[in-house]
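A.B. asks: First the structure, then my questions, so here it is.
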Amino acid sequence: MADPSSYRPKPGQIPDSPGVYRFRDEYRRVIYVGKAKSLRQRLSSYFQDLANLHPRTRTMVTTAASVEWTVVSTEVEALQLEYTWIKEYDPRFNVKYRDDKSYPYLAVTLNEEYPRVRVMRGAKKKGVRYFGPYGQAWAIRETVDLMLRVFPVRTCSAGVFKRSAQIGRPCLLGYIGKCSAPCVGRVSAEEHRELAEEFCDFMAGRTGAYIRRLEKSMQEAAEEMEYERAARLRDDIDALKRAMEKSAVVLADATDADLIALAEDELEAAVQIFHVRGGRVRGQRGWVTDKVENVDSAALVEHALQQLYGEESGDAVPKEVLVPALPDPVEPVQQWLTERRGSNVSLRIPQRGDKKDLMATVQRNAQQALALHKTKRASDLTTRSRALEEIAQALGLDSVPLRIECFDISHLQGDDVVASMVVFEDGLARKSEYRRFQIKTFEGQDDVRAMHEVIGRRFRRYLQEKQQTGEWDEETPAVEDTQPVAAGPTDGLTAGPTDGPATAAASAVAPPDEDAPAATGPTDEEGRPKRFAYPPQLVVVDGGQPQVAAAQRALSELGIDDVAVCGLAKRLEEVWVPDEDDPVVLPRSSEGLYLLQRVRDEAHRFAIAYQRNKRGKRLKAGPLDSVPGLGESRRQALLKHFGSVKRLRAARIEDICEVPGIGRKTAETIAAALAGAAPAAPAVNTATGEIIEDDATPPAALSSERGQER
């Protein structure tokens, strides 16, 4: 590790002008390239107390052994030189977008004597007109197949073209009218090039004028009673319209624009780009990058613009570029784009209308791309093994934590406090083992106390099951009230009171999600899966030092000393361990940190989903919901039969028994429950102000309640 003061330039040596700088390591390799409006101010910011630097910046300056710079005249030149050096040196601490696949383009080889339409991938070639990129190659071929009827441009390879010219007979496409057959001289080179240029104009979005010209020619042919030519023109128009329908109109003003959206977390960022030409989405592409330098959204956008337009010119740079955040400063980037296009380019954030709606769609695609990338990365066995080994090494564990359980607390301003437990085995989520808890021993907002309760309930239940199966260790302290607790009916969330340790443990857990597979593993005497049969090697809590201390205290009270505990704090992604004043800082590129983040995020998602579900049920609960043994189907049958809860409350027991599926005992229970419940206030239709006699809440009122709740 180098000391930055050992290579710090002398005062006054750094010029106060725009430029580009390079940090090199001890082997003279360029590890970082940056630009600045003022080299003196920017470079001075690197040579300060290391404690004040961001961890990524601190790692970079301690890895470097020297710094050098180049002065330029304008910020635009600095932007261009920075891009050139990043491409040349591939520095390890710069953000570099890696394309998640090689996107296919529709290419027209205008650099050949007889231009050819084909699918091309990889680096772009000079003299070739590109359209796209497309998501799939078959989408290009479908479009080309429709358009060859109107623009019969050559699509064959050089070998096929040469062979047809030698034998004097065109290929199959020439016979069926989907190629003008320049190989056998049906059209001249000039006429074929004109066809290719018309094809390019149509693909570039200039469709309206061409279709109107064809329609006019069709009408003229019909007036001249040349019905066969009119029919061919009619079919040509239909083919072009079908080709246009494959890309829906998203911007009504026929705008040429590129929309760029970001999705990011602490370690990675995904970029999605929609290419809109003539108001239609002509292509889509995306990149994923590791955030190896300390960058915000504006800097990520600037890097994406460099990657996207660094080697483009002319019409490849659209008139309008829409981004989620503007680079700082924005003027040099906008001027750079204008120079590459040759005319003015607007770089801005969409504020309203269709463009803002389309940007939201691009944003969703970016989020899905980032999630898919994480899934692919997590599925790699080698990566998962390395992640578990890094966690074991960082926390000082004797073996890798093959089973990790993570706990998170969720509430809305102290109401509906719940907790989640997610399980990862061998680095993969095991959703059948997920559990949900209600916090019932206290009310209000106290995450530390809630974490202590949940950890205690989970491991108390584990000790109870261990004792019931005869796996009890005599040295383990006895658990309070270890009598088996009979499983009773639940409301799908949690069940039972929490008046004692054993009862609380039994009622703490909810069934897994309805779509989750049944748990596998040890079963009880009746064949039901045990809920807490396996102990984890590592417990992760969402939080910092207080939550970790609460979890460790809960384990100590139960006499459990073979389960490791750690916490992951969101602010700086620090890993906290019990009885330590300083956190464990894992490298930002660490697979172990990535796995801990994924476990924490999954617990957070599961807790929030449960909390929202519970809150929604509480807000929409009616008098029939509290009737024991009355499910959703029979509640709906009762409301359908009587029309409202008000009429059901006034009905006799004999009338209730007439509803299919309702016996006399159930009818008596319903009547008693409704008699004891206070009548609901009359509902009001918020749209009209009209009082609704039925107890059913009108849709408008429900929407109003939901809006207030959010």
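A.B. asks: Which ones in segment 439-470 are open to solvent by less than 50 Å² (accessible area, probe 1.4 Å), over 16 Å from residue 560 (Cα atoms) and either in contact (Cβ under 8 Å) with a residue 40 or more places away in the chain or touching a His at 6+ places or on another chain (Cβ under 6 Å) (or both)?
C.D. replies: Across segment 439-470, the qualifying residues are 448, 450, 451.
A.B. asks: In segment 99-143, how many are of a type outside the set (Gly, Ala, Ser), touching a Leu at 6+ places or on another chain (Cβ under 8 Å) and at pLDDT below 80?
C.D. replies: Final tally of qualifying residues: 4.
A.B. asks: Name, by its number, the condition in (1) open to solvent by 50 Å² or more (accessible area, probe 1.4 Å); (2) in contact with a strand residue (DSSP E or B) (Cβ under 9 Å, 6 or more places away or on another chain) that does not hold for residue 54.
C.D. replies: Residue 54 satisfies every listed condition except (2).
A.B. asks: Give the number of residues within segment 644-656 that are hydrophobic (A, V, I, L, M, F, W, C) and open to solvent by less than 40 Å² (accessible area, probe 1.4 Å).
C.D. replies: 4
A.B. asks: For segment 285-322, how many residues meet the condition of being open to solvent by less than 10 Å² (accessible area, probe 1.4 Å) and either under 19 Å from residue 367 (Cβ atoms) or in contact with a strand residue (DSSP E or B) (Cβ under 6 Å, 6 or more places away or on another chain) (or both)?
C.D. replies: Number satisfying all stated conditions: 10.
A.B. asks: Continuing with this model, one more query. May I ask you to list the residues in segment 65-80 that are closer than 22 Å to residue 296 by Cβ and either open to solvent by less than 40 Å² (accessible area, probe 1.4 Å) or not in a helix (DSSP H, G or I) (or both)?
C.D. replies: If the condition is that a residue be closer than 22 Å to residue 296 by Cβ and either open to solvent by less than 40 Å² (accessible area, probe 1.4 Å) or not in a helix (DSSP H, G or I) (or both), then 76, 78, 79 are the ones that fit.
A.B. asks: Would you point out the residue of segment 213-250, among those that are within 21 Å of residue 282 (Cβ to Cβ), in a helix (DSSP H, G or I) and open to solvent by 100 Å² or more (accessible area, probe 1.4 Å), that is modelled with the lowest pLDDT?
C.D. replies: Only one residue tops the list, namely 245.
A.B. asks: Restricting attention to segment 586-599, does a residue exist that is outside any helix (DSSP H, G or I), among the basic types (Lys, Arg), surrounded by 14 or more Cβ atoms within 10 Å (Cβ to Cβ) and in contact with a Leu (Cβ under 9 Å, 6 or more places away or on another chain)?
C.D. replies: Yes: one or more hits.
A.B. asks: Within segment 22-49, track down each residue that is farther than 16 Å from residue 92 by Cβ, open to solvent by less than 90 Å² (accessible area, probe 1.4 Å) and of a type outside the set (Gly, Ala, Ser).
C.D. replies: Scanning segment 22-49 gives 35, 39, 43, 46, 47, 48.
A.B. asks: A further question follows. Do any residues in segment 393-422 that are closer than 18 Å to residue 578 by Cα and at pLDDT 85 or above have Cβ atoms under 9 Å from those of residues that are small (Gly, Ala, Ser) and in a loop (DSSP other than H, G, I, E, B), where the two are at least six apart or on different chains, and which pairs are they?
C.D. replies: That search, which allows pairs on different chains as well, returns 394/590; 404/427; 408/543.
A.B. asks: Residue 351: at pLDDT 85 or above and surrounded by fewer than 13 Cβ atoms within 10 Å (Cβ to Cβ), yes or no?
C.D. replies: When the stated conditions are applied, residue 351 passes them.
The values are calculated or read from the model by the stated rules, or taken from the named source; none is laboratory data. Quantities reported herein were computed from a predicted structural model and do not represent experimental measurements. Here the Cβ is made from the backbone with ideal geometry for all residues, glycine too, and neighbour counts use every protein chain on show. The area values use the complete protein model at the heavy-atom level, side chains included, leaving out ligands, DNA and RNA. Shrake-Rupley method; radii C 1.70, N 1.55, O 1.52, S 1.80 Å.
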